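Throughout, read-outs are computed from the coordinates displayed, never taken from laboratory work. Predicted model only: the values in this text are computed from it and were never measured. Don't worry about glycine lacking a Cβ; one is built from the backbone with ideal geometry, like all the others, and counts go over all protein chains shown.
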Amino acid sequence: MIKYPLPINKTKFIKEDSKITQDDVKYGLPKDIEYCSICVESNQRPSTTIEFKNKPGDKKEAIAFNAQGICSACEFAKLKKSTNWDEREYQLRKLCDKHRKNDGKYDCIVPGSGGKDSILVAHELKNTYGMNPLTVTWAPNIYTTWGKKNHEAWINSGQDNLLWTPNGKTHRLLTRLAVDVLYHPFQPFILGQKSLAPRIASSMGIKLVFYGEHEAEYGSPLNKTRGDKQEASFFSDRTQNEIFISGVSINKLISDFGIKKSELQPYLPLNTTAARNIEVHYFGYYRKWHPQGAYYYAVEKAGFEASPERTTGTYSKYSSIDDKIDDLHYYTTGIKFGRGRATEDASQEIRSGEINRTEAIQLVKRFDLEYPDRFKEELFSYLSIPEDVFPIASKLFERPLMNKEYFDLLTDQYRSPHLWRWKDGEWKLRKPVWQ
Ligand SMILES: [Zn+2]
C-alpha cells in the first residue's frame, strides 16, 4: 500500500552550506552545484533516461560539463554552427529517396502532438521531400483548449493522424502511481509516447520514424546521441521482463494493482527483433533546429496558435503547451533537480541567440519553480483515485484522494538537502543561478 507522506525531518536541511556532505545528495547528482558559463543550465540536470527501467532510488546521469565549464547542450549548439547543413540536407534527401513509396502506402511516421516542431517536420517531409507521412499522437493526460485546437489545425493543414488514447482509467492510476513512487507525473505519458511510433511503424510495416529536435539539444551525452538515429535501447528491450512503469514492475502492476496485461501493452517497448527493422531518425540532425523559427513556420503553414497565457514556471507561450499536467511535470523536476522550466527555456534561447545570459538569469529568478497553481484543482482531482473509478483504491492508497496538502508533503520527500535549505520558515535553493 502507498502510505500517506509524513512531514520530513529537516535536520539535514538546516545545515550550513559548508557542512553538506555526499550523504546529503539524492539521485546520484553532483554534490557541488555549478552553472554553465554560456547558458543558465545547471550540472544537476539529468540526461534522458531509458524510462522503462526507471525505479525509485536509481542514480541519474547528469548533463556533462567540459573543462571550461560549458554544458554539453552548449557544446552541441557550437557544433551546429560549424555543421555543413547543405551536406546534411543531401543526406536527408538520400534517406527519403531510399524509403519513399509510390504505391499509395505511408513511408514514414512523424510522432507529435501538433506542436510547432511536429508540424514543421511533417509538413517539410510531405511538401519539400515528397514523403507520405502518417502522423501519430499519444493523447495528453488533460488537453489544454489551445492544445486540442492546434492538434486539429495540424490535421486540417493536410496530415493524416492517428490519435492513440490510452485507457483513461489505467492511465490515471499509472500517473498517480508515478507521482507517489517517482514524483514524476509525466512518466506514463513519456513511456507511451516513446513506444507509440515504433510500435505503429512495426505493425504497419513502415521502416522510418522521424522525431523533431535532437536529444543532444537538451544536453544528452554527445558521444551517445550526436548521430542521426536514436539508439534502439530507448524504444526496445530484449527481455521484456525487467520493465517498470511508474517505477513499479509490470508483474506487480498486474498482481497487486489489478491491471490487465493487455492494458499495459501500449506502454511497453518493442521487442529487439521487431525494432531491428525500424530506423528512428532525428529531423534535427539533417536540418538545423531553431525553436522560434519552427514556431513561425507552424503559424504560417498550419495556423498554429501560441497559448493565450504564459506557461506556469516560465515566460514562454509556444512550446509544450498541450497538456495541463506539464505544469506539474516541470515543478516536480524543479524540486528534484533545483532547476525548472524557465532555466530550460532561457538556456535554449541563449543558445539560439535570442537573449543574453543576464536577461536569462532575471527570467529564471522571476519564473523558475513557480507553484503549479493554474490548473491545480483539476490536476489534483485527476490524480485522485476514488473507489467508484477504481474499486480497490483504498487497498492501494492510504489516502486515494490527492490534494494540495498531500502533494506538498510528498514534494518535501523528494527534496535533496544539497539543493534545498530550510531557513526562516521557507524553502530556499542553496545556490540559485542569480546568486
Ligand atoms: Zn550551457
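Extension gain Lys59-Trp427, at 0.36 nm per residue separation less the Cα-Cα distance, in nm?
Numbers: separation 368, 0.36 × 368 = 132.48 nm, distance 2.40 nm.
130.1 nm is the gain from fully extending Lys59 to Trp427.
Output wanted: per-residue J couplings in Hz (rounded whole) for region 330-336, from phi through Karplus 6.51 cos²θ - 1.76 cosθ + 1.60, θ = phi - 60°, x for Gly and Pro.
5, 5, 5, 5, x, 5, 6
What's the center-to-center distance, using Cα atoms, between region 195-218 and region 334-356 in Å?
A separation of 26 Å, based on Cα centres.
If you place +1 on the Cβ of every Lys and Arg and -1 on the Cβ of every Asp and Glu, how big does the dipole about the Cα centre of the chain come out, in debye to the nearest 20?
The dipole magnitude comes to about 720 debye.
Report the calculated FRET efficiency for Lys101 and Glu231 (r = Cβ-Cβ distance, R0 = 41 Å), to the nearest 0.05.
0.95
For region 313-435, report the convex hull volume of the alpha-carbon atoms normalised per residue, in Å³, without decimals.
Numbers: hull volume 15.2 nm³, N = 123.
Considering the Cα atoms of region 313-435, their hull volume per residue is 124 Å³.
Under 8 Å for C-alpha pairs, at least 6 residues apart: give me the relative contact order for the chain, rounded to a whole percent.
After rounding, I find 24 percent.
Can you work out ³J(HN,Hα) from phi for every residue in region 257-272, in order, using Karplus 6.51 cos²θ - 1.76 cosθ + 1.60 and θ = phi - 60°, giving whole Hz and x for Gly and Pro?
Rounded to whole hertz, the list is 9, x, 8, 7, 4, 5, 6, 8, 3, x, 8, 7, x, 5, 7, 4.
Taking θ as phi - 60°, what are the ³J(HN,Hα) couplings along region 294-309 by the Karplus curve (6.51, -1.76, 1.60), each to the nearest whole Hz, with x for Gly and Pro?
So the Karplus estimates, Gly and Pro as x, are 4, 4, 4, 4, 5, 5, 5, 8, 10, x, 4, 10, 5, 5, x, 10 Hz.
Test of understanding: extend the Cα→C-beta vector of Lys3 to 7 Å, then name every residue of region 386-410 with backbone N under 17 Å from that spot.
Those under the cut-off are 395-400, 406-407, 409-410.
So how strong a dipole does region 83-286 carry about its Cα centre when Lys and Arg Cβ are +1 and Asp and Glu Cβ are -1, to the nearest 20 debye?
Working: 25 positive and 21 negative charges, 101 e Å.
In total the dipole reaches around 480 debye.
What 222 nm value per residue comes from the helices of the chain, counting each DSSP H run with n ≥ 4 as -39,500 (n - 2.57) and dividing by all residues, nearest 500 deg cm²/dmol?
-11500 deg cm²/dmol
At 37 °C and 0.692 mPa s, grab the translational diffusion coefficient of region 15-106 from Stokes-Einstein with a Kirkwood Rh over Cα pairs, rounded to a whole number in µm² per second.
For the chosen part, D equals 191 µm²/s.
How far is the Cα center of region 387-434 from the Cα center of region 70-114, in Å?
What the calculation gives is 41 Å, centre to centre.
Counting residues in the chain as N, plug N into 2.2 N^0.38 Å and put the Cα Rg over that result.
Cα Rg divided by the expected 2.2 N^0.38 Å: 0.98.
For region 83-286, restrict the atom set to alpha-carbon positions and state the Rg and Dmax in Å.
Taking only Cα atoms of region 83-286, I get Rg and Dmax of 17.5, 55 Å.
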